[in-house]
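Worksheet: the structure to be examined is printed underneath.
Values in this text are rule-based calculations from the coordinates and carry no lab data. Note that this is a predicted model, so its numbers are computed, not measured. For neighbour counting, all protein chains shown are included, and Cβ atoms are generated from backbone atoms with ideal geometry for every residue, glycine included.
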Amino acid sequence: MQPNIETKYLLDSSNQFYQDLIGYKPEKTSLQQIPKNNWNQFTQTRGLNPKSSGIYFPRNQTAVIHEQNPLSLFHEYFGHGLYSEQSLSGRKLVYLEKKLLEEEKQKFFTGKFTLEDIQRFRQQNQTFQELDEFRKQNLLQYETFAIWTEYLLSEENGLKDLFGRKYDSLQGQEKEAVDSAINCSEQYGNLATFYASGLARRTTTERVKGLLEGLCKNKLDSIKFGVLFGSKKEFSDIDIYLVSEDIEPFSSDWIDTRIHTQERFEEGLRNFDIRVTDPIFSGEFILGNKDYFERQKQKLSEQPITEEAIQYNLQKSENYGKLKKENFELCDQVVNQRSYKDSYLVNALAIRNGLRLFTKENLDSYSKRASAEGDKPLQFQGGKK
């Protein structure tokens, strides 16, 4: 059944909204609309709840909804559909469902079976047991994301009152979770809420700039410049380097910020500090004073190597080697102290040899090349000297 005019408009407008905001829309999910007078028959033949207004089938990635039901469209097609396509837990759900489907096909290949036969088979099936446990563990997040999607798309499509009636029916843990998602989107922005929900992060400089506008708000003007760096993989942290006097470092399981004052940044430049040079040479400029940013990069490429810079890197390496959880003040905003202990040592030896290696990747390559040529592992001998 082809979508009616209203549904097609909502599909087109919502797809465009998602494409602009997060860089993708539902791509593998199909939509099936059932006329209202056929809904009871549809649910009864599949053992489903006839009082529901829609359902999503992960095993074939199909959203089935009542005809002319915008909230169900938002919930099933965009909520469950997008979550199943673009989150790791959603993809695992689809994988387990499809695996179970193949096992059921092998068991019932003759075509003669009942719903009771399937239920008995599932009670003894290991894949079903794993799937059932996984569903229970992720159900709240799965449903919360879909209801928040209703809220979001209702706002975007002028259907706020329609969602309001749905919201009034929420209660208990589900209401608390939905409130938390709505508060997150109002406080930090929609993009941050998508990422906090575990969806894929297809970053661009413009998208990250919008993300920072939501996260930093009235402190955005304090940013001297910002850089997007790191692996930029869909399910890796978003790594951002900022120079600002007013913003404190913040991080979560999807974003990691490295924030220096201008004084700390320029000190790092003078001393070829890898935690300063790596983001500005491996990353992409996001926002701020681009002339200042480019001048500092040029200055770094031309400035002389000093004994002070060598000793600075040796001291940083020693500090990272001593670093413990209760001594984070030794080194700023640490993530992997062992990695940076080695990087600062390699950097000290590289600049002593007249080499300017501005990125961590270049330092790693230099270290591996030195080892391959037969040099001993890089280490301290007799202290800093």
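Hey, got the dipole for the stretch 201-302? About the Cα centre, +1 on K and R Cβ, -1 on D and E Cβ, debye to the nearest 20?
Numbers: 17 positive and 20 negative charges, 55 e Å.
The calculated dipole for the stretch 201-302 is roughly 260 debye.
List every residue whose amide H lies under 5 Å from the amide H of ILE255, counting only residues 5 or more places away in sequence or on a different chain, with H placed 1.01 Å from N in the peptide plane.
Here ILE238 satisfy the definition.
Provide the net charge surrounding ILE238, with neighbours chosen by a C-beta distance below 9 Å and charges set as Lys +1, Arg +1, Asp -1, Glu -1.
Here the count lands on -1.
Which whole-Hz couplings ³J(HN,Hα) result when phi for each residue of the stretch 137-142 is put into the Karplus expression 6.51 cos²θ - 1.76 cosθ + 1.60, θ = phi - 60°, listed in order with x for Gly and Pro?
5, 10, 4, 4, 5, 4
Based on the mean of other Cβ atoms within 10 Å per residue, sort peptides 262-273, 61-72 so the most packed one is first.
Result, highest mean first: 61-72, 262-273.
Rounded to two decimals, what ratio of Rg to Rh does the stretch 105-145 give with C-alpha atoms and a Kirkwood Rh?
1.14
Collect residues whose amide H, placed 1.01 Å from N in the peptide plane, falls under 5 Å from the amide H of GLN32; neighbours closer than 5 in sequence don't count.
Those lying under 5 Å, H to H, from GLN32 are ALA63, VAL64, ILE65.
Quote the relative contact order of the chain in percent (integer), defining contacts as alpha-carbon pairs under 8 Å separated by 6+ residues.
10 percent
Name the long-range amide H neighbours of LEU287: under 5 Å, sequence gap of 5 or more, or other chain; modelled H, no Pro or chain starts.
When sequence neighbours closer than 5 places are left aside, the close amide H contacts are GLY226.
Viscosity 1.567 mPa s, temperature 4 °C: what is the translational diffusion coefficient of the stretch 265-315 from Stokes-Einstein with a Kirkwood Rh over Cα pairs, rounded to a whole number of µm²/s?
Value of D from the Cα-based Kirkwood radius: 112 µm²/s.
Could you tell me the distance between the Cα centroids of the stretch 28-63 and the stretch 216-284, to the nearest Å?
First find each Cα centre; the distance between them is then 47 Å.
List, in order, the whole-Hz ³J(HN,Hα) value for each residue of the stretch 9-26 obtained from phi through the Karplus relation with A = 6.51, B = -1.76, C = 1.60 and θ = phi - 60°; use x for Gly and Pro.
In residue order, the calculated couplings are 5, 5, 4, 5, 5, 6, 4, 5, 4, 5, 4, 5, 7, 10, x, 7, 9, x Hz.
State to the nearest 20 debye the size of the charge dipole of the chain about its Cα centre, where the only charges are +1 on K and R beta carbons and -1 on D and E beta carbons.
1080 debye
Taking the Cβ of LEU170 as the center, what net charge do the other residues with Cβ under 12 Å away carry, scoring Lys and Arg +1 and Asp and Glu -1?
Values: positive: ARG165, LYS166, LYS175; negative: GLU143, GLU150, ASP168, GLU174, GLU176, ASP179.
Value of the local net charge: -3.
Quick one: Karplus J couplings for the stretch 353-370, per residue in order, coefficients 6.51, -1.76, 1.60, θ = phi - 60°, nearest Hz, x for Gly and Pro?
Coupling constants for the stretch 353-370: 8, x, 9, 9, 10, 7, 10, 5, 4, 5, 5, 4, 5, 4, 5, 5, 5, 5 Hz.
Calculated from DSSP H runs of 4 or more alone, at -39500 (n - 2.57) each and per residue, what is the 222 nm mean residue ellipticity of the chain, nearest 500?
Numbers: 16 runs with 213 residues, N = 385.
Here the helix-only value at 222 nm equals -17500 deg cm²/dmol.
For the stretch 79-223, taking Cα atoms only, what is the radius of gyration to one decimal and the Dmax to the nearest whole Å?
Cα only, the stretch 79-223: 19.9, 69 Å (Rg, Dmax).
Given [x] 23.1; [y] 20.5; [z] 26.1, which label gives mean projected area of the Cα convex hull in nm² as computed from the coordinates?
Read-out taken from this structure: [z].
Let me check I've understood the local charge: for SER154, count other residues with C-beta under 10 angstrom from its C-beta, Lys and Arg +1, Asp and Glu -1. What total comes out?
Details: positive: LYS160, LYS166; negative: GLU150, GLU155, GLU156, ASP161.
Computed value for this residue: -2.
Go through ALA181, SER53, GLY230 and say which Cα lies farthest out towards the positive end of the charge dipole of the chain; charges sit on Cβ, +1 for Lys and Arg, -1 for Asp and Glu.
Going by the Cα projections, it comes out as GLY230.
Evaluate the relative contact order of the stretch 201-302 (contact order divided by residue number), counting alpha-carbon pairs under 8 angstrom at least 6 apart; express in whole percent.
After rounding, I find 29 percent.
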